[in-house]
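None of the figures in this text is laboratory data; all of them are computed from the coordinates on show. Because the structure is predicted, anything quoted here is derived from the model rather than measured. Backbone-built Cβ (ideal geometry, glycine too); neighbour counts: all protein chains shown.
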């Protein structure tokens, strides 16, 4: 088995470039096996040629992110959903 | 462009005319990975070519070893900008593997143990341009570099040279692979600097 | 909208930590503040426009527009040799951050904490230890810090200064100080035994170290969701 990956924490900078909220604390559900956990706990390979985040349970790809000079390509088809914690609205 | 940091030039560019645009020379052999390194026992390794009509050609490791091999010396160009010149490989030319394959397909999708895929026109695999390699620098190809066997297509960026190659599927339509669906160029000619879609 | 911009960061101080590591103190106008455990991305740009970036953990808690990073030299690296050997006080780089909301410790949390650091993986853990002291927190902290040899320890003087409620254990993997009662070797389950499974654990270091330490903790009955990890891989430099 290889252990040459990083944590989902490594996605915080690149995702911070596109999202207005902190996404690594969001809970993602793997489309491959249904396991749910924070984006920070995914196994991340890269950063080059792109960031590939895999499910820690089944190793399927959950999310891919490629930064080109003028765009970010984000593929999330391996995630059924992403539950992003939001502050409650003030009443 | 960002703020220039005084005295920073980066590690790259023993730039010279031998290299495609934007590449720098490296002497080591960097390993990039998009997933866990698969470990495939030679007893269960196989390589297949599936044609567009559903015909399958299959080789075991022993079959592959019986085929005539070549020892190409080629330059490698990675899309992450490093190039490594004059690398020595041993493997079977795809011309040999395609000898008995009947096809009119124009497109190929190479697929690997571990799930990786990459697409290329079939003609880029033929006429002495590509090999299924199993030795690098005279030694068995190690798993981090794609062993036991790796596709080698050195005239394209190295992501087209699929590590841990398991087969080639022939198709009438182009089917973009792992990196080609995530922003990288569909063809990837280093001399035309086709790194990203739109290049 | 809070998207992360690159900000100019001027080097205002340097502290040598070991023969191959130093702490760099940057001043970053407009810095939004950070939590202990977060990291930043550092970008270097050459005169011809070539640029490259690396992630580093912040070594100290929020303090105005000051950001401290401790950087260890990576042999044949591209960025760390520049940061350690070329960069001087007054020079500028660019920094983006803070990033990461998972591997963080908040001073209002009173739960006991286990910190397990391998090599320069101690850096974000040190930020937590410093944040605990700065906040006057009484959360019990235990640091287990694994290094190859005694002279590779960061923050030695500061950690030698006793703090109530902070317990420190060193693990030496290759060479120990004279008279040390643990033989040199990698972290084992025995090194982590005796910590209540109700503890929040933070494990940071090279991927293999983190894997081993987290496996030991799980085997000792710690719940996986109470173990937060931060790995740094082979692509540093």
query = Relative contact order for the stretch A:6-79: what is it in percent, counting Cα pairs under 8 Å that are at least 6 residues apart?
reply = 25 percent
ask   = So how far, in whole Å, is the C-alpha centre of the stretch C:48-108 from the one of the stretch C:168-190?
value = 29 Å
ask   = Which value, in nm² and rounded to one decimal, describes the direction-averaged projected area of the C-alpha convex hull of chain A?
value = 6.6 nm²
remark   = In nm, the gap between the two label points placed 7 Å beyond Cα toward Cβ at residue C:85 and residue B:3 is 2.4 nm
ask   = What spacing in nm lies between the two simple spin-label points modelled at residue B:199 and residue C:75, each 7 Å away from Cα in the Cβ direction?
value = 3.2 nm
message = I need the fraction of alpha carbon pairs in the stretch C:6-99 separated by more than 17 Å, rounded to a whole percent.
response = 44 percent
Separation of alpha-carbon centers, the stretch B:153-195 and the stretch B:26-80, rounded to whole Å = 14 Å
Paramagnetic label zone (point 7 Å from Cα along Cα-to-C-beta, residue B:96; backbone N under 15 Å) in the stretch B:139-169 = B:149-152
task = Select from B:165, B:101, B:92 the residue whose mean-square fluctuation is largest in a Gaussian network model of chain B (Cα-Cα springs shorter than 10 Å).
result = B:101
Length added when fully stretched, residue C:183-residue C:156, from 0.36 nm per residue minus Cα-Cα = 7.7 nm
key: Order of A:42, C:87 under a 10 Å beta carbon neighbour criterion, fewest first   = C:87, A:42
ask   = Helix C:122-135 sits at what angle to the longest principal axis of chain C, using alpha carbons and giving 0 to 90 degrees rounded to 10?
value = 90 degrees
Listed residues A:14, A:49, A:69, most fluctuating in chain A (Gaussian network, C-alpha, under 10 Å) = A:69
query = Other chains' Cβ within 10 Å of B:177-187 residues: what's the mean?
reply = 4
remark   = Taking A:65, C:73 and counting other beta carbon atoms within 10 angstrom, the fewest-first order is C:73, A:65
request  = Report the residues of the stretch B:73-107 in range of a label on residue B:55: point 7 Å along Cα→C-beta, backbone N strictly under 13 Å from it.
outcome  = B:98-105
task = Kindly express, to the nearest 10 degrees and within the range 0 to 90, the angle between helix C:207-219's C-alpha long axis and the longest C-alpha principal axis of chain C.
result = 30 degrees
task = Set the Förster radius R0 to 35 Å, insert the Cβ-Cβ distance between residue B:48 and residue C:19 as r into 1/(1 + (r/R0)^6), and round the FRET efficiency to 0.05.
result = 0.05
query = Which of C:164, C:197, C:150 moves most in a GNM of chain C, Cα contacts under 10 Å?
reply = C:164
key: Two-site FRET efficiency, residue A:18 against residue C:48, from Cβ-Cβ distance with R₀ of 45 Å, rounded to 0.05   = 0.95
ask   = Measuring from centroid to centroid over Cα atoms, what is the spacing of the stretch A:18-76 and the stretch B:116-138 in Å?
value = 30 Å
inquiry  = Suppose a student asked you for the relative contact order of the stretch B:60-199, using Cα pairs under 8 Å spaced at least 6 residues apart; what percent would you report?
reply    = 25 percent
ask   = For the protein assembly as shown, what is the calculated [θ] at 222 nm in deg cm²/dmol (nearest 500), taking -39500 (n - 2.57) for each run of four or more DSSP H residues and dividing by its residue count?
value = -2500 deg cm²/dmol
message = Over the Cα atoms of the protein assembly as shown, each weighted equally, I'd like the Debye log10 I(q)/I(0) at q = 0.06, 0.09, 0.10, 0.11 Å⁻¹, rounded to two decimals.
response = -0.32, -0.72, -0.87, -1.03
query = Where does each of B:187, B:134 land when they are ranked from fewest to most other beta-carbon atoms within 10 angstrom?
reply = B:187, B:134
